[in-house]
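A.B. asks: Sharing a structure below in structure tokens format, with a few things to ask.
Taken together, the values in this text are just the output of simple stated rules run on the coordinates, not laboratory data. As the structure is a prediction and not an experimental result, all values here were calculated from the model. Every residue, glycine as well, gets a Cβ built from its backbone with ideal geometry; the counts of neighbours run over all protein chains shown.
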Amino acid sequence: MEKNLQSRKQELVRDAIYDAAIDLFIQKGFQGTTVEDVAQAAGVSRRSFFRYFTTKDHLLAYNIVNLGDALVSAVAACPSESSTMELLHDTVLAGAKFATSQPRTRQIMEIAVRNLPARQANRSRMVEVEIRLSEAFAARTRKETKDDFRPRMLAVLTLMVVDLTLFSWFKGDFKDSSAASNYVFTQLNGVFSDGTGSQKSQETQLHKPRPAAKKNRRITTAR
């Protein structure tokens with residue numbers, strides 16, 4: 001009971017620091033806000049700040065870890081008989097729904113859009129999520145590792161589609177994350193088609209042998 005109470009107290013302090021920081025990043029900018037500013041606004045000491053977050057970058061990308069949890073759980077929960085596209089779609093949708101349900105997501109995206117270091121902070125944590133996703137995809141086959149090509153490709157593709165889905169939602173193109181993800185998947189299918197909706201034609205072109213390069217021949221004329 002005492003342990004649960006202590007954990008809850010730590011969670012409240014962490015959330016207070018996080019909320020204070022996001023508000024300051026919006027008001028003063030990511031680079032214009034110091035650790036001291038955040039600690040003061042949250043009502044904690046500088047030392048307490050570093051008990052919960054190692055840097056401002058770590059703080060800004062705090063929710064990226066939770067997004068990773070949602071994506072990994074979605075991969076594990078997807079039925080074993082699902083096709084690769086169904087697996088990808090369900091995982092992306094779960095991640096997008098989680099992100100859009102968080103009250104600070106739109107503000108964090110606004111901070112990242114306005115500030116390159118803030119974007120880089122978010123991207124840096126995505127590397128961890130990519131590794132975890134690769135492991136989750138590999139675990140479905142039990143024959144692959146996170147470093148094999150297919151799990152890594154699925155992880156990268158998942159994160160790309162999630163990113164594009166959230167960007168469409170952030171711009172206001174779609175109010176619903178499901179509609180936004182469906183739109184992105186439609187566009188993705190179009191990329192792999194020949195522009196007329198025929199994916200088979202594109203696959204034929206991809207696998208069509210290239211003509212052998214003609215060798216330059218030196219032509220001489222008799223004198």
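A.B. asks: Just how large is the dipole of the chain about the Cα centre, in debye to the nearest 20, putting +1 at every Lys and Arg Cβ and -1 at every Asp and Glu Cβ? Walk me through the numbers on the way to the answer.
C.D. replies: Values: 33 positive and 24 negative charges, 277 e Å.
Result for the chain is approximately 1340 debye, rounded to the nearest 20.
A.B. asks: For the chain, set up a GNM with springs between Cα atoms under 10 Å and report which of 82, 181, 134 has the largest fluctuation.
C.D. replies: Taking springs between Cα atoms under 10 Å, the residue moving most is 82.
A.B. asks: Which of 65, 44, 184 has the fewest other C-beta atoms within 10 Å, and how do the rest follow up to the most?
C.D. replies: Numbers: 65 13, 44 17, 184 22.
By the 10 Å Cβ count, ascending, the order reads 65, 44, 184.
A.B. asks: Using Cα springs under 10 Å in a Gaussian network model of the chain, which residue among 81, 135, 36 shows the largest mean-square fluctuation?
C.D. replies: Its mean-square fluctuation being the largest, the pick is 81.
A.B. asks: Please work out the Cα convex hull volume for the stretch 61-185 and give it in Å³ per residue.
C.D. replies: Values: hull volume 11.7 nm³, N = 125.
Cα-based convex hull of the stretch 61-185, divided per residue, equals 93 Å³.
A.B. asks: Right, another one. Within a 10 angstrom radius of the beta carbon, how do 171, 97, 56 rank from fewest other beta carbons to most?
C.D. replies: Details: 171 11, 97 16, 56 22.
By the 10 Å Cβ count, ascending: 171, 97, 56.
A.B. asks: Using the charge dipole of the chain (Lys, Arg: +1 at Cβ; Asp, Glu: -1 at Cβ; taken about the Cα centre), state which of 38, 92, 116 has its Cα farthest towards the positive end.
C.D. replies: Going by the Cα projections, it comes out as 116.
A.B. asks: Now for a separate question. Give the aspartates and glutamates reachable from residue 28 as a straight Cα distance under 18 Å; neighbours fewer than 8 places away on the same chain don't count.
C.D. replies: 19, 36, 37, 57, 110
A.B. asks: Here is a follow-up. If each DSSP helix of 4+ residues adds -39,500 (n - 2.57) and the sum is divided by the residues in the chain, what number results at 222 nm, nearest 500 deg cm²/dmol?
C.D. replies: Values: 11 runs with 164 residues, N = 223.
One gets -24000 deg cm²/dmol as the mean residue ellipticity at 222 nm.
A.B. asks: How big is the stretch 1-47 on each of its three principal axes, counting only the C-alpha atoms and giving the largest first in Å?
C.D. replies: Result, largest extent first: 41, 18, 13 Å.
A.B. asks: Once amide H atoms are built 1.01 Å from N in the peptide plane, which residues 5 or more positions from residue 30, or in another chain, come under 5 Å H to H?
C.D. replies: none
A.B. asks: Considering all projection directions equally, how large on average is the shadow of the alpha-carbon convex hull of the chain, in square nanometres? All intermediate terms of the calculation are to be shown ahead of the outcome.
C.D. replies: Details: hull surface 87.6 nm².
Dividing the Cα hull surface by four gives the mean projection, 21.9 nm².
A.B. asks: Counting other beta carbons within 10 Å of each Cβ, put 26, 17 in order, fewest first.
C.D. replies: Working: 26 16, 17 24.
The order, fewest Cβ neighbours first, is 26, 17.
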